[in-house]
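Engineer: Take a look at this one; I'll ask things after.
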Amino acid sequence: MAALTFRIEDLALHAGFRHLLSIPDITVDLRYGTANNFVGRDLYGDLDCAWLHKDAADALEAASKSLRAARPNLQLLVLDALRPQRVQEALWQALEGTPLTMYLANPITGSIHSFGMAVDVTLTNADGEELDMGTPFDDLTELSHPGLEEGFFLQGQLTENQLANRHLLRDLMTGSGYRGISTEWWHFDFGDRQQVRANYPRVL
């Protein structure tokens, strides 16, 4: 359990968080604040969820700077960042009782998103168009799994270009201290999950 919990409405009272708008050269489209997600409805409403813990935000800024230096025609697009516990509970309820819960952290344990220490990202080109990653964000199928993508490539279900785009994103994020996961090409944690849950505040 986290050392501290507080409601997102009280976030301004707590030091250590950084707004995404303070990070240069990224764009933000929080999909759970729209109907463009697997639940099909806006889960954020009036809540401002465009935040990360400062540790994760600083690393995201480093990733953005690296991308700007290496590929100035590309930009990071943040699809989700700080996800309050209550929203994680709503997502879990939407999939509860199905095998698809494998794509979510049980809210009892706590998603790293709820600590502001995970981010969902992709890449866009100079026209603001998302690079082709082989699946859209929130595609809850094995085709989204980084751990299986080489096999899908050999089967012709992922192209060389799609695989290269995934590798570019993954190399960028891991090079800035993030860790990818085996089931979602877009998701990256900052820090060890057990340590985050033990030492960082959880946002409710």
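The values are calculated or read from the model by the stated rules, or taken from the named source; none is laboratory data. Not measured: the values here are computed from a predicted model. Glycine also receives a Cβ, built like all others from the backbone with ideal geometry; neighbour counts cover every protein chain displayed. The area values use the complete protein model at the heavy-atom level, side chains included, leaving out ligands, DNA and RNA. Shrake-Rupley method; radii C 1.70, N 1.55, O 1.52, S 1.80 Å.
Engineer: Going residue by residue through the range 165-180, is there one that turns out to be over 18 Å from the mean Cα position of the chain (by Cα) and of a type outside the set (A, V, I, L, M)?
Structural biologist: If we filter the range 165-180 for residues that are over 18 Å from the mean Cα position of the chain (by Cα), which is where we start, we get none.
No, that holds for no residue.
Engineer: Out of D189, D139, report the one residue that is under 14 Å from the mean Cα position of the chain (by Cα), modelled with pLDDT of 95 or more and surrounded by fewer than 18 Cβ atoms within 10 Å (Cβ to Cβ).
Structural biologist: Numbers: D189 fails: surrounded by fewer than 18 Cβ atoms within 10 Å (Cβ to Cβ).
On inspection, the qualifying residue turns out to be D139.
Engineer: Would you confirm, using the coordinates I've provided, whether L154 is more than 20 Å from R31 (Cα to Cα), buried (at least 16 other Cβ atoms within 10 Å of the Cβ), modelled with pLDDT of 95 or more and aliphatic (A, V, I, L, M)? Full working, then the answer.
Structural biologist: Working: more than 20 Å from R31 (Cα to Cα): yes; buried (at least 16 other Cβ atoms within 10 Å of the Cβ): no; modelled with pLDDT of 95 or more: yes; aliphatic (A, V, I, L, M): yes.
Spelling it out, it is not the case that L154 is more than 20 Å from R31 (Cα to Cα), buried (at least 16 other Cβ atoms within 10 Å of the Cβ), modelled with pLDDT of 95 or more and aliphatic (A, V, I, L, M).
Engineer: Oh, and also: Residue pairs, Cβ under 8 Å, 6 or more apart or interchain, first in the range 140-166 and in contact (Cβ under 8 Å) with a residue 60 or more places away in the chain, second surrounded by fewer than 18 Cβ atoms within 10 Å (Cβ to Cβ) and part of a loop (DSSP other than H, G, I, E, B). List them.
Structural biologist: L140/F38
Engineer: Taking the residues in the range 107-132 that are within 19 Å of W186 (Cα to Cα), assigned to a loop (DSSP other than H, G, I, E, B) and not small (G, A, S) as candidates, determine which candidate is least open to solvent (accessible area, probe 1.4 Å).
Structural biologist: By that ranking, first place goes to M117.
Engineer: In the range 29-49, what residues are assigned to a loop (DSSP other than H, G, I, E, B), open to solvent by less than 60 Å² (accessible area, probe 1.4 Å) and closer than 20 Å to L204 by Cα?
Structural biologist: L30, T34, V39, L43, Y44, G45, L47, C49
Engineer: Cβ-Cβ under 9 Å, sequence separation 6+ or interchain: first residue in the range 189-204 and at positive phi, partner among the hydrophobic types (A, V, I, L, M, F, W, C) and modelled with pLDDT of 95 or more. Which pairs?
Structural biologist: Short answer, once both residue conditions are applied: G191/A56; G191/I112; G191/F115; G191/M117.
Engineer: Of the numbered conditions (1) within 30 Å of E9 (Cβ to Cβ); (2) open to solvent by 50 Å² or more (accessible area, probe 1.4 Å); (3) outside any loop (DSSP other than H, G, I, E, B); (4) not polar (S, T, N, Q), A63 satisfies every one except a single condition; which is it?
Structural biologist: That leaves (2) as the condition not met.
Engineer: Could you grab the pairs with beta carbons closer than 8 Å, sequence gap of 6+ or different chains, first residue in the range 31-56 and of a type in the set (A, V, I, L, M), second one open to solvent by 40 Å² or more (accessible area, probe 1.4 Å) and part of a loop (DSSP other than H, G, I, E, B)?
Structural biologist: As it stands, the answer is A35/R41; A35/D42, since those pairs meet every condition given.
Engineer: Would you confirm whether any residue within the range 87-102 is over 24 Å from V39 (Cβ atoms) and open to solvent by less than 20 Å² (accessible area, probe 1.4 Å)? Before the answer, list the steps.
Structural biologist: Going through the range 87-102, the residues over 24 Å from V39 (Cβ atoms) turn out to be none.
Within the range 87-102 (the criterion being over 24 Å from V39 (Cβ atoms) and open to solvent by less than 20 Å² (accessible area, probe 1.4 Å)), the answer is no, since none of the residues qualifies.
Engineer: Only one of these conditions is not met by L140: (1) in a loop (DSSP other than H, G, I, E, B); (2) closer than 21 Å to W51 by Cβ; (3) out of contact with any His (no Cβ under 7 Å at 6 or more places or on another chain). Which number is it?
Structural biologist: So the condition that L140 fails would be (2).
Engineer: For A57, only one of the following conditions fails: (1) touching a helix residue (DSSP H, G or I) at 6+ places or on another chain (Cβ under 8 Å); (2) aliphatic (A, V, I, L, M); (3) open to solvent by 10 Å² or more (accessible area, probe 1.4 Å); (4) assigned to a helix (DSSP H, G or I). What is its number?
Structural biologist: (3)
Engineer: Still on this structure, please answer the following. So which residues in the range 135-178 are aliphatic (A, V, I, L, M) and more than 23 Å from N37 (Cβ to Cβ)? Break it down stepwise before answering.
Structural biologist: At the first step, the residues of the range 135-178 found to be aliphatic (A, V, I, L, M) are 140, 143, 148, 154, 158, 163-164, 168-169, 172-173.
Result: L154, L163, A164, L168, L172.
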